[in-house]
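**Student:** Have a look at this one.
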Amino acid sequence: MSIGKIIDGKAFAAGLRDRVAEGVAAFVEQAGRKPGLAVVLVGEDPASSVYVRSKGKMTVAVGMESYEFKRPASIGEDDLLDLIEELNQDERVDGILVQLPLPKHINEAAVIAAIDPAKDVDGFHVINSGLLATGQEALVPCTPLGCLMLLKDELGDLSGLEAVVVGRSNIVGKPMAQLLLGESCTVTIAHSRTRDLASVIHRADIVVAAVGRAEMVKGEWIKPGATVIDVGINRVADTEEEGKSRIVGDVATAEALAHVRAITPVPGGVGPMTIAVLLRNTLVAAHARAGLAKPDAL
Ligand code: NDP
């Protein structure tokens with residue numbers, strides 16, 4: 001029985017960050033300033049704080065300016081919208097990222113709508129999702145764009161392939177499906193109401209699982225030779241060490257390995273791509289704002 005390949009997202013992300021760093025150096029020469037990324041963190045959620053800190057470090061490591069704005073969970077929506085407007089006007093800022101989720105009293109959609117679409121490096125603004133849906137140049141959500149990069153690196157031309165995306169969220173599932181359609185795949189979007197998920201998945205050459213349910217996609221559901229991208233991040237109790245937990249994806253990876261051509265592991269697959277693509281999007285936004293062409297390597 002042959003065993004599929006494990007796609008090394010960590011290594012691909014490191015290579016992408018290197019290409020971004022080269023692009024940043026060239027941008028500084030041409031534009032006479034560094035690209036800047038502003039990250040807004042509301043509240044004290046420990047996971048969000050860790051994530052924002054690591055974004056800041058990686059932003060600086062590729063040669064960009066990092067601006068962090070921490071606000072208490074009690075901030076009013078109007079004050080947050082005022083901050084977004086300041087950042088929209090700030091010439092040094094090419095990308096604005098508001099760390100989600102926001103506290104319940106703040107309307108997330110209103111905050112996302114307030115971000116200048118040209119600085120919307122998360123790609124969540126309806127202008128960017130509309131541009132993506134109509135096949136135009138857009139800032140695309142980082143996680144699905146990272147998944148597409150891994151798929152193209154593994155498979156080359158995706159044209160004509162059957163792709164099944166499990167999950168229909170605005171941040172992963174829907175933009176992932178749009179990207180695959182843009183690559184001329186035949187795309188099916190599955191979700192919690194899908195009947196007979198196993199047989200839907202079994203016809204796919206490409207499976208992208210973005211559900212948030214530990215190891216729900218079983219190995220035998222996967223068509224032999226399919227490529228599987230596992231976006232899920234699920235914390236489960238460790239069966240070997242009592243009291244410990246570990247992170248698993250949405251796919252039963254050990255089983256799937258006997259069926260797949262290639263699969264992303266969790267951790268070390270899609271996860272590391274998200275920040276690398278965020279940096280890439282910031283550099284792309286900086287080029288567009290400066291009236292410069294996007295570097296080919298991105
Ligand atoms: P959401 O909870 O927003 O969406 C989950 C989707 O899965 C929904 O569309 C839901 O369907 C669908 N779903 C739920 N149960 C089933 C089921 N039994 N069968 C089929 N579909 C089902 O999650 P996100 O899209 O935000 O995230 C998905 C996963 O990806 C999470 O584990 C998250 O942690 C991870 N993630 C990882 C990132 C990374 O950097 N690696 C970044 C972002 C997310 P319905 O719409 O019908 O409810």
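The values are calculated or read from the model by the stated rules, or taken from the named source; none is laboratory data. These numbers come from a predicted model, not from an experiment. Using ideal geometry, Cβ is built from the backbone for each residue, glycine included, and neighbour counts are taken over all protein chains shown.
**Student:** In segment 98-120, which residues are assigned to a helix (DSSP H, G or I), free of Cβ contacts under 8 Å to residues at least 24 places away in the same chain and either within 24 Å of Pro46 (Cα to Cα) or among the polar types (S, T, N, Q) (or both)?
**Tutor:** Across segment 98-120, the qualifying residues are Glu108, Ala109, Ile112.
**Student:** Here are Asp157, Asp122: which of them is on the phi < 0 side of the Ramachandran plot and away from the ligand (no atom under 15 Å from the Cβ)?
**Tutor:** From the options Asp157, Asp122, the qualifying one is Asp157.
**Student:** Continuing with this model, one more query. What about Gly36, is it closer than 26 Å to Glu86 by Cα and either within 18 Å of the chain's Cα centre (by Cα) or modelled with pLDDT under 95 (or both)?
**Tutor:** no
**Student:** Another question, then. With the checklist (1) more than 20 Å from Ser129 (Cβ to Cβ); (2) of a type in the set (Val, Ile, Thr); (3) within 21 Å of the chain's Cα centre (by Cα); (4) away from the ligand (no atom under 12 Å from the Cβ) in hand, flag the one item Val187 doesn't pass.
**Tutor:** All conditions are met except number (1).
**Student:** A further question follows. Quick one: in segment 40-70, of everything that is within 25 Å of Ala25 (Cα to Cα) and among the charged types (D, E, K, R), which residue is surrounded by the most Cβ atoms within 10 Å (Cβ to Cβ)?
**Tutor:** It comes out as Lys55.
**Student:** Tell me which residues, restricted to segment 203-247, are β-branched (Val, Ile, Thr) and in contact (Cβ under 8 Å) with a residue 24 or more places away in the chain.
**Tutor:** Ile206, Val207, Val208, Val211, Val217, Ile222, Thr227, Val228, Ile229, Val231, Ile233 - these are the residues of segment 203-247 that are β-branched (Val, Ile, Thr) and in contact (Cβ under 8 Å) with a residue 24 or more places away in the chain.
**Student:** For Ala11, are the conditions met, namely being outside any strand (DSSP E or B) and under 17 Å from the mean Cα position of the chain (by Cα)?
**Tutor:** yes
**Student:** Taking segment 152-167 only, how many residues are in contact with a helix residue (DSSP H, G or I) (Cβ under 8 Å, 6 or more places away or on another chain) and in contact (Cβ under 8 Å) with a residue 60 or more places away in the chain?
**Tutor:** Final tally of qualifying residues: 3.
**Student:** When you go through Asp116, Asp90 one by one, which is the residue that is of a type in the set (Asp, Glu) and in contact with a helix residue (DSSP H, G or I) (Cβ under 7 Å, 6 or more places away or on another chain)?
**Tutor:** Asp116
**Student:** Return a yes/no flag: does segment 124-136 have any residue that is touching a strand residue (DSSP E or B) at 6+ places or on another chain (Cβ under 7 Å), within 21 Å of Ile275 (Cβ to Cβ) and part of a helix (DSSP H, G or I).
**Tutor:** No, because not a single residue in segment 124-136 is touching a strand residue (DSSP E or B) at 6+ places or on another chain (Cβ under 7 Å), within 21 Å of Ile275 (Cβ to Cβ) and part of a helix (DSSP H, G or I).
**Student:** Something else: Please enumerate the residues belonging to segment 190-211 that are within 15 Å of the ligand (Cβ to nearest atom) and of a type in the set (D, E, K, R).
**Tutor:** Selection gives Arg193, Arg195, Asp196.
**Student:** Among (1) touching a Gly at 6+ places or on another chain (Cβ under 7 Å); (2) surrounded by fewer than 17 Cβ atoms within 10 Å (Cβ to Cβ), where does Thr194 come up short?
**Tutor:** (1)
**Student:** May I pose another question? Filter segment 255-284 down to residues that are among the charged types (D, E, K, R) and either free of Cβ contacts under 8 Å to residues at least 40 places away in the same chain or farther than 18 Å from Gly56 by Cβ (or both) and give me whichever is nearest to the ligand (Cβ to nearest atom).
**Tutor:** The extreme case among them is Glu255.
**Student:** What number of residues within segment 214-246 satisfy the criterion of being farther than 25 Å from Ala177 by Cβ and within 15 Å of the ligand (Cβ to nearest atom)?
**Tutor:** 4
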